[in-house]
Each structure stands twice: as structure tokens, then as C-alpha cells.
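Q: Sharing a structure below in C-alpha cells format, with a few things to ask.
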Amino acid sequence: MRSRIRGLDHVVILVRDLDRARDSYARLGFTLTPRGHHTLGSQNHCIMFGRDYIELMALPRPHAALQYFSDFLARGEGLGAVALASADANGAHAELTAAGIAADPPLDFSRPVELADGSRDASFRIVQLPAAQTPGCRTFVCQHFTPEVVWRPEFQSHPVGATGIAALAVVAEDPVAAAASYARLFDARPQRIDEGLLVQTGSAPIAFGSRSKLGHRLDGVELPLRPRPLVAALFIRVADRARAAQALRRSAVRPVALRDGSFAVSAADAHGVALVFG
């Protein structure tokens with residue numbers, strides 16, 4: 001594994017209407033942070049867990065650094081980016097460049113966060129990676145300079161009982177090639193699983209398979225209709241499956257009970273990515 005990458009930091013679900021997405025995820029039993037405004041022009045709400053989080057992001061105005069996200073949204077909503085955790089973005093840039101991965105230069109930005117004792121800036125340094133390296137989404141290294149501002153305890157308790165990101169599932173025409181490309185990024189070796197292949201990241205793994213194989217695993221769950229490759233499903237760890245099921249049934253959507261005891265929400269109800277709670 002790469003020494004300067006510590007698994008997944010967060011995933012980015014790109015949405016066209018941030019208010020609507022916020023309301024959708026609140027109904028599903030998530031606690032969301034107040035709206036954030038990045039210096040690059042994007043806006044977000046975050047769903048915070050213990051070590052990682054989900055970011056709902058909209059792009060009210062264009063920015064050259066966010067062109068991939070704008071192009072993604074032109075084709076529909078969905079999970080469009082994965083942030084990789086690092087305590088040293090400059091070191092990660094050097095490590096990836098030495099491995100032959102054409103990483104962009106480090107980029108700093110921030111967003112103000114309103115706290116009980118006043119406003120503070122949440123500050124970040126990111127290193128964007130080539131879109132071709134990770135078919136289906138954009139990846140970037142993310143270093144937090146102010147984690148205490150982002151991971152606030154008042155936003156880490158969720159009615160649905162969510163505690164963290166458990167896994168991602170990528171659907172591709174050629175799962176072997178897609179897995180190999182991601183594995184090179186993490187300096188890992190793909191492992192065989194029933195659905196296809198699995199790449200370890202240092203935290204939540206990423207699975208790769210065909211639409212039919214993932215559809216069999218998630219029988220009855222509507223997957224995204226975006227062209228492949230795409231991140232089709234986000235697996236979320238919950239403290240209690242029965243509690244999660246109750247919270248989901250109170251929402252406006254009907255969760256699908258899966259064979260392994262987990263529950264899922266179709267992509268159409270979660271802004272372009274299927275959610276699996278287990």
C-alpha cells in the first residue's frame with residue numbers, strides 16, 4: 001500500500017439541487033452539516049462518520065479545477081469522486097509521481113464553518129489524479145489542516161445508525177482492467193470475490209464487477225442508469241440493522257431487504273447511487 005495514503009477520506013455525491021439532496025438524505029435518517037461554501041465555488045452538505053464521510057456537492061458556478069465535476073453532472077447525478085485520506089498531500093504527490101501517476105500539483109482551498117463560538121475556516125490541500133486512473137469517478141488526495149472543524153461530534157449521530165463507509169462497488173464493462181487501474185493507484189493486488197474483484201484501499205475496499213453480477217448481489221435494487229464505468233453502490237456500515245430498517249421505513253422510500261440481512265435504497269432515491277445499509 002502507498003505510505004502516504006491512508007484509505008478513503010470521503011466520497012462525493014454530485015447533485016444538481018443541493019436543497020433537494022439535503023432533504024432526501026435527511027429523510028433517509030442522516031444528520032447533515034449546515035451548507036458549506038468552498039472558495040472554489042462549490043457548495044456542500046456533509047454526512048460525518050467516525051473516520052470518513054459523505055459529501056453532497058453542487059456547483060452553482062464553474063471553476064477550472066472542478067471541470068470534471070461539471071462534465072459529470074451534465075450527464076446526471078451520482079457518486080462522482082472519491083477522496084483519499086493523507087496527512088501529507090505533498091508527500092503523496094511525490095510518491096504517486098514517482099510511481100508514474102500524473103498527479104496534479106497540490107491545491108489549497110477552504111470553506112467557513114459556523115460554530116457555537118464563531119466562524120472558523122476548514123482548510124484543505126488536495127492533489128487531483130487523472131480521471132483515467134480510476135474509471136467511473138475522479139479521485140483526489142485530501143489533507144485536512146483543521147480536522148477538528150470538520151469532524152464535529154454534534155453531526156456524527158444519525159437516526160439510521162450509520163457509522164462509516166463500508167465499501168464501494170464499481171460497475172465496468174471490463175472489471176479486470178478497471179480493478180487493475182485502481183490497484184496501481186493504491187499499490188495493491190486485486191482479490192477474487194463472488195461479484196468479481198476487490199481492491200483494498202487501507203480502509204473501505206472497492207469492488208469491481210459487471211452490472212449483472214452486482215444486480216444479482218443487490219437483487220431488487222435499482223442501480224444507476226449512467227453509462228459504464230460508474231460507481232453504482234455505496235455500502236454504509238450501521239450499528240444495528242433492525243434500527244436502520246425502521247428508520248428507512250419511516251422515510252418516503254421503501255427499502256429493499258437483501259438476502260444477507262442488509263437493506264438497500266435504489267439509486268433514484270439517493271441521487272444517482274444505490275445505498276446499502278449493513
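The values are calculated or read from the model by the stated rules, or taken from the named source; none is laboratory data. What you see is a predicted model; the values in this text were computed from it and never measured. Here the Cβ is made from the backbone with ideal geometry for all residues, glycine too, and neighbour counts use every protein chain on show. Note: accessible area is taken over every heavy atom of the protein model, side chains too, but ligands, DNA and RNA are not part of it. Shrake-Rupley method; radii C 1.70, N 1.55, O 1.52, S 1.80 Å.
Q: Filtering segment 220-263 down to residues that are in a helix (DSSP H, G or I) and of a type in the set (Gly, Ala, Ser), which residue is most open to solvent (accessible area, probe 1.4 Å)?
A: Ala242
Q: Right, next: If you take the residues in segment 119-156 that are β-branched (Val, Ile, Thr) and either in contact with a Leu (Cβ under 9 Å, 6 or more places away or on another chain) or outside any loop (DSSP other than H, G, I, E, B) (or both), which one is farthest from Thr39 (Cα to Cα)?
A: Ranking the qualifying residues of segment 119-156, first place goes to Thr134.
Q: To continue, here is another question. Just one of the numbered conditions (1) at pLDDT below 95; (2) small (Gly, Ala, Ser); (3) open to solvent by 10 Å² or more (accessible area, probe 1.4 Å) is not true of Ser42; which one?
A: So the condition that Ser42 fails would be (3).
Q: Just to verify a result, which residue in segment 109-127, among those that are modelled with pLDDT of 95 or more and open to solvent by 20 Å² or more (accessible area, probe 1.4 Å), is farthest from Leu185 (Cα to Cα)?
A: Ser123
Q: Right, here's the next one. How many of the residues making up segment 183-216 are touching a residue at least 40 places away in the same chain (Cβ under 8 Å), in a helix (DSSP H, G or I) and open to solvent by 20 Å² or more (accessible area, probe 1.4 Å)?
A: Of the residues in segment 183-216, 2 are touching a residue at least 40 places away in the same chain (Cβ under 8 Å), in a helix (DSSP H, G or I) and open to solvent by 20 Å² or more (accessible area, probe 1.4 Å).
Q: Within the group Glu77, Glu95, which residue is open to solvent by 10 Å² or more (accessible area, probe 1.4 Å) and either of a type in the set (Val, Ile, Thr) or in contact with a Pro (Cβ under 9 Å, 6 or more places away or on another chain) (or both)?
A: Only one candidate qualifies: Glu77.
Q: A further question on this structure: If I ask for residues that are more than 20 Å from the chain's Cα centre (by Cα) and among the small types (Gly, Ala, Ser), which ones from segment 88-142 would you list?
A: Of everything in segment 88-142, those that are more than 20 Å from the chain's Cα centre (by Cα) and among the small types (Gly, Ala, Ser) turn out to be Gly91, Ala94, Ala98, Ala99, Gly100, Ala102, Ala116, Gly118, Ser119.
Q: Being over 30 Å from Phe263 (Cβ atoms), in contact with a His (Cβ under 6 Å, 6 or more places away or on another chain) and either without any contact (Cβ under 8 Å) to a residue 40 or more places away in the chain or among the acidic types (Asp, Glu) (or both) narrows it down to one residue among Ala74, Ala103, Ala116; which is it?
A: Ala103
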